[in-house]
Amino acid sequence: MTKTVSCPNCGSNRMKMHNPQLSIWQCSKCGYQGPVVVENGNLNKQIKENKKMEKLRKKLLWRR
Ligand SMILES: [Zn+2]
């Protein structure tokens, strides 16, 4: 199975499997770490979604 994995933070595809048991990936360009598998075509969408989710999460946290 070959899947292109791209960093949701900087868009680099130089991702390394950091922790295979937890499927944590690490970006060798920006140092991002996360359980992320982004297919090439959806990268921009995925980045936007991630930013949205982060904003939502922050909002939810602030309201508590
Ligand atoms: Zn990166």
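Every number in this text was worked out from the coordinates using simple rules, so none of it is lab data. What you see is a predicted model, and the numbers here were worked out from it, not measured in a lab. FYI the Cβ positions are ideal-geometry reconstructions off the backbone, even for glycines, and counts take in every protein chain you see.
Spin-label model, Arg63/Thr4: points 7 Å from Cα along the beta carbon direction are separated by 3.8 nm. In the stretch 15-63, a dipole from Cβ-located charges (positive for Lys and Arg, negative for Asp and Glu) runs towards its positive end, and of Cys30, Leu56, Asn19 it is Leu56 whose Cα lies farthest in that direction. Protection proxy ranking of 5-18, 45-58, 22-35, by the mean of other Cβ atoms within 10 Å over each peptide's residues and highest first, is 5-18, 22-35, 45-58.
The mean of 1/r over all pairs of different alpha-carbon atoms in the stretch 15-63, once inverted, gives a Kirkwood hydrodynamic radius of 12.2 Å.
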